[in-house]
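If you scroll down you'll find the structure; I have some questions about it.
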Amino acid sequence: MKPGPSKGRAHGRPVDERGFLDSQPPELRIEGALEEIRRRVVESGRRVAVLDDDPTGVQSVHGVPVLTTWAIEDLRWALEQTSPTFYILTNSRSLAEEEAIAMNQQIARNLSEAAAPGTDFDVVSRSDSTLRGHYPAETDALAEVLREGGRGPDGLVLCPAFFEAGRITVDDIHWVRQDGKLVPAGRTEFASDHSFGYRSSDLKAWVEEKTGGRIKTHEVVSVGLADLREGGPERVLELLEEASGGRPVVINAASFADLEVFVLGLLAAEEEGKRFLCRTGPSFVRTRGGITEPKILRPEDLYRMRPKEGHGLVLVGSYVPTTTRQLEGVLALDGVRGVEMSVPRLLEPGSREDELGRVAEDVNGSLASSEVVVYTSRELVTAGKAGSAGLSNFEIGTAVSGALVDVMRRVDRTLPLSFVVAKGGITSSDIATKGLEVRRAEVAGPLLPPGIVPVWILPEENDFPGLPYVIFPGNVGGPGSLAQAIEILRGER
């Protein structure tokens, strides 16, 4: 199995986006490709289980079920739904590696047990489009259990692309759009992540780096843009036919047309008996499931299960500068009540309950007349600094997230609540699973263009049936994006 062509491995600096992309082979657009993918997925009867390591992974899809539990009865329900694709929110990026491994193993075993006789499934491990997460730990754990059940992968598809947010892979380099330039991912702030940092922007070298040299750069296969755009699905099939032993396969892609070509080749390989485990960003899932481009939600879409009444609650846990700028825009809106929660007081056992009680009382007293924004004090408290109460960074993050969950739990259930927005990946996961106690929901679609702020609609059995729950990632959008979201939810846009 020979690696596909790869011309730009020396790229180590930003490039002009338009000029760089114009220098690539022209896209191969196959008429009706997405409809053909959907038809073949449905006719195969195979389900696509997407294990999502934080709640933002549903950014590119709509009309699909999402689970926050992997109990066998819930997985069986998801496998029986009309949609061939469903999500399982694991939030594993917030866990220690050992916990993430155990979780993935359990989910894979439960999936095998939940699948009815004759029901087959594929697994996508959906992770960050800027390469942060428990790789290779999660895919190794999944592959091990899948092999036990006779579903061992011949290859591991690596496709971190997220086009809506400007993350693409060309010449095996993973790029991040910033200020009109394409910046190698290894030169961005994401590569300096304290938990999941890395050096390599070349995905083949990144695999060697993350596997500690267990898999060498030259052992990683590349499906290049020339393979996709000049060779088409037939070339993809030719490359994938020789996959064996779970070998990583890097997918270059700069557009959905590229992904459609790849998925058509992938499906052809699967029809010949090949099996693939996938580690991807959000865009791949949409194409793999044959899911059409989601439309931006309108007020009538948001409130289709129940009329809009009352006011909304916004819970802000993210500390990144983007969030702080957006928070300032929301607090400037008319009819918005801001409630700051002191992180140092939350971290001190003697003052935590008083602080939570104060915030909850303010929230319940204000929701009758205004939107309420609960936000953590903006000075980042880290281990060893004043106010950290001798806790580790992980313990600080857990304590802060737990406080926001506690506020959600203390919201008066007799008050009419029109919407809930959670700002930040860990925050939005914890609010959904622990604050709102969601087990099953529907991904309705995106609230804002270009489709990076997803909305769940909560089910009838929830305390807030039909409630729009907005998952707003911490590091996306411009300074006014969060305020714009509030105005849309109010029906003002």
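The values are calculated or read from the model by the stated rules, or taken from the named source; none is laboratory data. Note that the structure is a prediction, hence the values are computed from the model and not measured. Heads up, the Cβs are rebuilt from the backbone with ideal geometry, glycines too, and the neighbour counts pull from every protein chain shown. Just so you know, the surface numbers come from the protein's heavy atoms only, side chains and all, with ligands and any DNA or RNA stripped out. Shrake-Rupley method; radii C 1.70, N 1.55, O 1.52, S 1.80 Å.
For the range 334-457, count the residues as N, evaluate 2.2 N^0.38 Å, and divide the Cα radius of gyration by that value, please.
On the way: Rg = 15.4 Å, N = 124, 2.2 N^0.38 = 13.7 Å.
Normalised by 2.2 N^0.38 Å, the Cα Rg of the range 334-457 equals 1.12.
For labels at residue 492 and residue 18 in the simple 7 Å Cα→Cβ model, what's the distance in nm?
Those two pseudo-labels are separated by 3.5 nm.
How long is the gain from residue 340 to residue 437 if the chain were fully straight, where each residue apart is worth 0.36 nm and the alpha carbon distance is subtracted? Numbers along the way, then the final one.
Values: separation 97, 0.36 × 97 = 34.92 nm, distance 2.41 nm.
Contour length minus Cα-Cα distance gives 32.5 nm.
Right, something else. Would you please give the FRET efficiency between residue 460 and residue 46, computed as 1/(1 + (r/R0)^6) with r the Cβ-Cβ distance and R0 = 41 Å, to the nearest 0.05? Please list the in-between numbers first.
Details: r = 29 Å, r/R0 = 0.71.
The formula returns an efficiency of 0.90 here.
Of the beta bridges DSSP finds with both residues in the chain, what % are antiparallel, to the nearest 5? Display every interim value, and only then the final one.
Values: 24 of 71 bridges.
Rounded to the nearest five, the antiparallel share is 35 percent.
What whole-number value in Å² describes the accessible area per residue of the chain for a 1.4 Å probe?
Details: 18870 Å² over 493 residues.
Solvent-accessible surface per residue comes out at 38 Å².
A follow-up question, please. What angle, in degrees between 0 and 90 and rounded to the nearest 10, separates the Cα long axis of helix 256-271 from the longest principal axis of the Cα atoms of the chain?
Value to nearest ten degrees: 60.
Can you work out the Karplus-derived ³J(HN,Hα) for every residue in the range 315-321? Use 6.51 cos²θ - 1.76 cosθ + 1.60 with θ = phi - 60°, whole Hz, and x for glycine or proline.
3J(HN,Hα) across the range 315-321, in whole Hz: 10, 10, x, 5, 10, 5, x.
Taking Cα atoms, how many degrees apart are the long axis of helix 349-366 and the longest axis of the chain, rounded to 10 and kept between 0 and 90?
With both axes taken from Cα atoms, the answer is about 80 degrees.
Take the range 101-148, drop everything but the C-alpha atoms, weight them equally and run the Debye formula without solvent; then report log10 I(q)/I(0) at 0.16, 0.20, 0.23, 0.26 Å⁻¹ to two decimals.
These q points yield log10 I(q)/I(0) values of -0.47, -0.68, -0.84, -0.99.
In whole angstrom, how long is each semi-axis of the equivalent ellipsoid of the range 302-378, when you take the square root of 5 times every eigenvalue of its Cα gyration tensor and sort them from largest down? Walk me through the numbers before you get to the answer.
Working: eigenvalues 116, 58, 24 Å².
Result for the range 302-378: semi-axes of 24, 17, 11 Å.
Quote the Stokes-Einstein diffusion coefficient, in whole µm² s⁻¹, for the range 155-268, based on the Kirkwood radius over alpha carbon pairs, a temperature of 20 °C and a viscosity of 1.002 mPa s.
On the way: Rh = 14.5 Å.
The calculation lands on 147 µm²/s.
Whose amide H sits under 5 Å from the amide H of residue 152, counting only residues 5 or more places off or on another chain, with H placed in the peptide plane?
For residue 152, the qualifying residues are 147.
To the nearest 10 degrees, how steep is helix 137-148 against the longest Cα principal axis of the chain, on a 0 to 90 scale?
In the chain, helix 137-148 runs at an angle near 60 degrees to the longest axis.
A further question follows. With a Förster radius of 60 Å, plug the Cβ-Cβ distance of residue 331 and residue 271 into 1/(1 + (r/R0)^6) and report the FRET value to the nearest 0.05.
Values: r = 55 Å, r/R0 = 0.91.
Once rounded, the FRET efficiency stands at 0.65.
Among residues other than residue 53 whose Cβ falls under 13 Å from its Cβ, what is the net charge (Lys/Arg +1, Asp/Glu -1)?
On the way: positive: 93, 126, 132, 279; negative: 52, 54, 97, 99, 128, 138.
Result for the neighbourhood of residue 53: -2.
Could you order peptides 188-198, 126-136 by the average number of other Cβ atoms within 10 Å of their residues, highest first?
Numbers: 188-198: 15.1, 126-136: 24.0.
The peptides rank, most packed first, as 126-136, 188-198.
Also, quick follow-up: Counting Lys and Arg as +1 and Asp and Glu as -1, each charge on the Cβ, what is the dipole of the chain about the Cα centre in debye, to the nearest 20?
Numbers: 56 positive and 73 negative charges, 107 e Å.
Magnitude of the dipole: close to 520 debye.
Something else about it: What are the ³J(HN,Hα) couplings of the range 475-492, residue after residue, when phi is run through the Karplus curve with 6.51, -1.76, 1.60 and θ = phi - 60°? Round to Hz, x for glycine and proline.
These are the phi-based 3J(HN,Hα) values: 10, 10, x, x, x, x, 5, 5, 4, 4, 4, 5, 5, 5, 5, 6, x, 8 Hz.
Additional query: State, as an integer percentage, the relative contact order of the range 166-257 based on alpha-carbon contacts under 8 Å between residues 6 or more apart.
Details: 125 pairs, mean separation 26.2, N = 92.
This gives 29 percent for the range 166-257.
Calculate the spin-label point distance for residue 31 paired with residue 309, positioning each point 7 Å from the Cα along the beta-carbon direction, and give it in nanometres.
5.2
With Rg and the Kirkwood Rh both taken from Cα atoms, where does Rg over Rh land for the range 16-106?
Working: Rg = 17.7 Å, Rh = 15.9 Å.
My calculation puts Rg/Rh at 1.11.
Given a Förster distance of 45 Å, report the FRET efficiency between residue 298 and residue 211 from their Cβ-Cβ distance, rounded to the nearest 0.05.
Step by step, r from the Cβ atoms, then E = 0.50.
Just to make sure I understand: if all protein chains stay in place, what is the order of 303, 319 by accessible area at 1.4 Å, largest first? Each step should come with its number before you reach the end.
Values: 303 30, 319 60 Å².
Order by accessible area, largest first: 319, 303.
Mind jotting down the distance between the C-alpha centroids of the range 29-46 and the range 81-95, whole Å?
22
So what is Rg over Rh here for the range 11-66, counting just Cα atoms and using Kirkwood for Rh? Mind dumping the intermediate values first?
On the way: Rg = 17.4 Å, Rh = 15.5 Å.
Ratio of gyration radius to Kirkwood radius: 1.12.
Taking the Cα of residue 393, stepping 7 Å toward and past its beta carbon, and measuring to each backbone N in the range 283-327: which are under 14 Å?
So the set is 319-320.
Using the Cα gyration tensor of the range 420-493, with a ≥ b ≥ c the square roots of its eigenvalues, what is the shape: rounded (a/c below 1.5), prolate (a/b larger than b/c) or oblate (neither)? The partial results should precede the final answer.
On the way: a/c = 2.07, a/b = 1.48, b/c = 1.39.
Here the range 420-493 falls in the prolate category.
If you count the DSSP beta bridges with both ends in the range 118-257, what percent of them are antiparallel, to the nearest 5? Please report the intermediate quantities before stating the final value.
Numbers: 11 of 18 bridges.
Of all bridge pairs located within the range 118-257, approximately 60 percent are antiparallel.
How large are Rg and Dmax for the range 207-321 when only the alpha carbon atoms are used, in Å?
Taking only Cα atoms of the range 207-321, I get Rg and Dmax of 20.1, 59 Å.
Let me ask you something else. Send over the Kirkwood Rh of the range 190-234, from the inverse of the averaged 1/r over different Cα pairs, rounded to one decimal Å. Walk me through the intermediate numbers first.
Values: mean 1/r = 0.0825 Å⁻¹.
Its Kirkwood hydrodynamic radius stands at 12.1 Å.
Could you calculate the contour length gain from residue 475 to residue 194, that is, 0.36 nm times the residue separation minus the distance between their Cα atoms, to one decimal place in nm?
Numbers: separation 281, 0.36 × 281 = 101.16 nm, distance 1.60 nm.
Between residue 475 and residue 194, full extension yields 99.6 nm more.
Long-range amide H contacts for residue 312: which residues qualify at under 5 Å (H placed 1.01 Å from N, peptide plane, sequence gap of 5 or more or a different chain)?
Excluding prolines and chain starts, which carry no amide H, the hits are 371, 372, 418, 419.
Let me ask something else about it. So what are the ³J(HN,Hα) numbers for the range 393-401, from phi and the Karplus equation (6.51, -1.76, 1.60; θ = phi - 60°), rounded to whole Hz, Gly and Pro as x?
Result, ordered by residue: 4, 4, 5, 5, x, 5, 5, 5, 4 Hz.
On to the next question. In the chain, what percent of the accessible surface is made up of carbon and sulfur (1.4 Å probe, ligands and nucleic acids excluded)?
Details: 9030 of 18870 Å².
Solvent-exposed carbon and sulfur of the chain make up 48 percent of the total.
At 37 °C and 0.692 mPa s, what whole-number value in µm²/s does Stokes-Einstein give for the translational diffusion of the range 96-186, with Rh from the Kirkwood sum over Cα pairs?
This corresponds to a translational diffusion coefficient of 219 µm²/s.
Name the residues whose placed amide hydrogens come within less than 5 Å of the amide hydrogen of residue 48, ignoring near sequence neighbours (fewer than 5 apart) on the same chain.
HN-HN under 5 Å from residue 48: 85, 86, 122.
While we're on this one: Just one of (i) 65, 48, 42; (ii) 58, 57, 49; (iii) 89, 50, 40 is Cα extents along the principal axes in Å as worked out from the coordinates here. Which one is it?
(i)
Let me ask something else about it. At 7 Å along Cα-to-Cβ for each site, give me the label-to-label distance between residue 39 and residue 385 in nm.
Distance between label points: 5.7 nm.
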